[in-house]
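The structure appears below as C-alpha cells.
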C-alpha cells in the first residue's frame, strides 16, 4: 500500500500547523479528511480555521468535513465521530495531533494551565481514540497516530516544565498501553515526534512530519504498532535523503525537539 486514497482520517487540531500539513498530504492521495478543531472563526493571533483548512484540503484533491470540536468535551467528540461516519461511512485513521503547551516551572504554572494541558493532551487523546474505536475495528488497515514523544524519564526533561512533560507523556503512555491492548484487533497505535526548534531558521517545516506520518499510515497496521518514531528516521527508511526541502533555511543548524537526546 502506498496511498491513502479513499481512506477517512479523523485529525484533531487540523486547522493549522502539523495537523493541517498531515491533512493536506493525505488529501493529495484523495483521502477524506475530518478536520476536528476549535477554530471556527478567524483569530488575528493564529492563522487558519476549520473552514480555511477544509478549502485547502478540497483544493489538494481530498474531501473535507469541517467540525468545530473541543476535545475536552465528550458530547462534542461523540457528535463529531457520528458526523464523520455519517458523511464518509467509517473511520480508518485517527491522528491525535491537538495539544496544549505551557513551558514554565512549577511556580509559574497556574492550575488552569495544568488542567488545560492534561484535559487536551492526555484525556483528549484517550477520549478521541475511544470514541473512534468501534469504527477503527471495522476498517481494513486501521491506524492511530499520536504526535507525542518517546517516553524518557531523564529528569532533565521534567525540570524546566514538569506539568507539560507529564501531560505530553500522557499521550505517549496511551501509545504504550493501546498498542498492546489493540494489537490483537489489528489496530496500529504509534507515535511520531517532530524535530523542531524555536527560531524559524533553525527549524524544519511541518511537511516533514506530514510526509513521515504518511509513510507510517500506508504501512500494514501490524507492521508498525507500538512504535515511537522520529520523522527523519522514518523518511530515511522510506528512501529520503535530501532534507533541505524541509528547511526554512537550508544548511542552518537545527535545534532538537524537546525530549530527544
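What follows draws every value from the coordinates through simple rules; no lab data is involved. Everything quoted here is computed from the prediction, not taken from an experiment. With ideal geometry, Cβ positions are generated from the backbone for all residues, glycine too; neighbour counts draw on all protein chains shown.
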Convex hull volume per residue for the chain, taking Cα atoms only, in Å³: 126 Å³
Neighbour-count ranking [beta-carbon atoms within 10 angstrom, fewest first] of 10, 228: 228, 10
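Starting from the eigenvalues of the Cα gyration tensor, five times each then square-rooted, give me the equivalent ellipsoid semi-axes of region 221-261, largest first, whole Å.
On the way: eigenvalues 110, 45, 8 Å².
Calculated on Cα positions only, the semi-axes equal 23, 15, 6 Å.
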Taking the simple approach of a point 7 Å from Cα along Cα-to-Cβ for both residue 130 and residue 202, what is their distance in nm? 4.0 nm
Residues 234, 94, sorted so that the one with the fewest Cβ neighbours within 10 Å comes first: 234, 94
Where the centre of each part is set by its Cα atoms, how far does region 32-80 sit from region 90-135, in angstrom? 16 Å
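Give the relative contact order (percent, whole number) for region 8-246; include only Cα pairs under 8 Å separated by 6+ residues.
18 percent
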Assuming R0 = 25 Å, what is the FRET efficiency of residue 154 and residue 236, from their Cβ-Cβ distance, to the nearest 0.05? 0.50
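Taking the beta-carbon count within 10 Å as an exposure proxy, list 178, 146, 111, 127 from fewest neighbours to most. Numbers along the way, then the final one.
On the way: 178 23, 146 26, 111 8, 127 18.
Going from sparsest to densest Cβ surroundings: 111, 127, 178, 146.
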For the chain, set up a GNM with springs between Cα atoms under 10 Å and report which of 126, 243, 88 has the largest fluctuation. 243
Expressed in nm to one decimal, what extension gain is obtained for the pair residue 180 and residue 245 from 0.36 nm per residue of sequence separation less their Cα-Cα distance? 19.8 nm
Mean Cα-pair separation over length for region 1-55, i.e. relative contact order, pairs under 8 Å, 6 or more apart, %: 38 percent
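Using only helices, what value at 222 nm comes out for the chain when you add -39,500 (n - 2.57) per DSSP H run of length 4 or more and divide by the total residues, to the nearest 500 deg cm²/dmol? Mind dumping the intermediate values first?
Numbers: 9 runs with 99 residues, N = 261.
Computed ellipticity for the chain at 222 nm equals -11500 deg cm²/dmol.
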GNM on the chain, C-alpha springs below 10 Å: top fluctuator among 121, 43, 141? 43
Given 0.36 nm per residue, what is the gain on full extension from residue 162 to residue 75 after removing their alpha carbon distance, in nm? 28.3 nm
Taking a ≥ b ≥ c as the square roots of the eigenvalues of the Cα gyration tensor of region 137-261, is the shape rounded (a/c under 1.5), prolate (a/b larger than b/c) or oblate? oblate
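Can you give me the relative contact order of region 133-257 as a percent, contacts being Cα pairs under 8 Å and 6 or more apart?
Details: 192 pairs, mean separation 36.9, N = 125.
Normalised by residue count, the contact order of region 133-257 is 30 percent.
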Put a dot 7 Å past each Cα toward the Cβ at residue 28 and residue 140; how far apart are the dots in nm? 2.3 nm
